[in-house]
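Remarks on the structure that follows.
The values are calculated or read from the model by the stated rules, or taken from the named source; none is laboratory data. Values in this document were obtained by computation on a predicted structure and should not be read as measured data. Note that each Cβ is placed from the backbone with ideal geometry, even for glycine, and that neighbours are counted across all protein chains shown.
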Amino acid sequence: MSLTYVLDILRRYMEEAPLEFIAFVWFLMCWLGYNYIVDNFMRGARGLSARMHLYRVQWMNVALRRDNRVLDINILSMLQSSIAFFASTSILILAGLLALLGATPQVFAILKQIPFADVPAKVIWYSKVFLLCFLYIYIFFKMTWSLRQLNYASVLLGAMPLPHEHQSEHYLPTARRAAMINTMAARDMNRGLRAYYFSIAALSWFVSPVLFMVSTAFIMLILYRREFESQIVHILSSQGKNTGTDKTE
């Protein structure tokens, strides 16, 4: 397939369905732009990820001085099991999407019965399904890479000497490296979870491109609020002050 052929398909796509193309570009800008800005320009802000990194450093420093590290191993195992759940779920959803491709006539019949739904051309329909497939493939790779990084953090935890052993304080950089790898694993897990959120918005594209754009913006606002303006962020940033959590009962 030559580049000229691909560009010709894109040109016809823009001419025949300009609103669909605008909605797709808007989705990419929101999804990729949000990840890029948050992970590169706002990571030093008082967000949830930055605050949790400080606690991970504190956790590994405490683990270095702990005689029994069963608790630390259990925490890592719990994190690994939750990430493995998302990775396996993405594969199941991907299998369902591939099966959906074979049921295109039935889906078109259902869309025709929805009053406010636009029945797309087959090229647009396949574009929508392939977008979801790409999202869940992306989620699978992010979740499995996060899982591997947690495995590496477990190895570093096992390499730390016990506090009564000679010169155990020399392994403080190892504890900090374990915290950094743990944070990197959390960053990739967050990217996978964001893709999960945006895939919910992508489902609305099957109904209407306008609804798709509105849902994408709404999902982005939800993610921003939870990562930077949620109550848990204020609690982690309170430094022992009264957070008013007793009023939330």
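Just a few scattered comments:
- Test: residue in segment 57-72 that is in contact with a Ser or Thr (Cβ under 8 Å, 6 or more places away or on another chain), more than 30 Å from LEU150 (Cα to Cα) and either of a type outside the set (Phe, Trp, Tyr) or modelled with pLDDT of 90 or more (or both): no
- Segment 220-230: number of residues that are touching a residue at least 60 places away in the same chain (Cβ under 8 Å), assigned to a helix (DSSP H, G or I) and either hydrophobic (A, V, I, L, M, F, W, C) or out of contact with any helix residue (DSSP H, G or I) (no Cβ under 6 Å at 6 or more places or on another chain) (or both): 5
- Of the residues making up segment 131-145, at least one is touching an Asp or Glu at 6+ places or on another chain (Cβ under 7 Å), at pLDDT 90 or above and either under 17 Å from TRP205 (Cα atoms) or among the basic types (Lys, Arg) (or both).
- PHE108 falls short on exactly one of the conditions (1) under 17 Å from TRP205 (Cα atoms); (2) modelled with pLDDT of 95 or more; (3) of a type in the set (Phe, Trp, Tyr), and that condition is (2).
- Some residue of segment 142-160 being touching a residue at least 40 places away in the same chain (Cβ under 8 Å) and more than 25 Å from the chain's Cα centre (by Cα): yes
- Residues of segment 188-211 satisfying the condition of being β-branched (Val, Ile, Thr) and either at pLDDT 95 or above or more than 19 Å from the chain's Cα centre (by Cα) (or both): VAL207, VAL210
This table checks each residue for (1) more than 28 Å from LEU71 (Cβ to Cβ); (2) of a type in the set (A, V, I, L, M); (3) at pLDDT below 90.
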position	(1), (2), (3)
GLY158	no, no, yes
PRO163	no, no, yes
MET180	no, yes, no
ALA186	no, yes, no
MET213	yes, yes, no
PHE218	yes, no, no
LEU223	yes, yes, no
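- Selection within segment 147-183 - in contact with a Phe, Trp or Tyr (Cβ under 9 Å, 6 or more places away or on another chain), in a helix (DSSP H, G or I) and surrounded by fewer than 19 Cβ atoms within 10 Å (Cβ to Cβ): ALA159
Listed here are the residues, each with its yes/no results for (1) under 29 Å from the mean Cα position of the chain (by Cα); (2) of a type in the set (Gly, Ala, Ser).
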position: ARG56; (1), (2): yes, no
position: SER81; (1), (2): yes, yes
position: PHE86; (1), (2): yes, no
position: ILE93; (1), (2): yes, no
position: GLY96; (1), (2): yes, yes
position: PRO105; (1), (2): no, no
position: GLN113; (1), (2): no, no
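- Taken over segment 194-218, the criterion of being in contact (Cβ under 8 Å) with a residue 60 or more places away in the chain, of a type in the set (A, V, I, L, M) and buried (at least 17 other Cβ atoms within 10 Å of the Cβ) is satisfied by ALA195, ALA201, ALA202, MET213.
- All helices (runs of 4 or more DSSP H) inside segment 48-132 with 2 or more residues being surrounded by 15 or more Cβ atoms within 10 Å (Cβ to Cβ) and either on the phi > 0 side of the Ramachandran plot or free of Cβ contacts under 8 Å to residues at least 60 places away in the same chain (or both): 70-101
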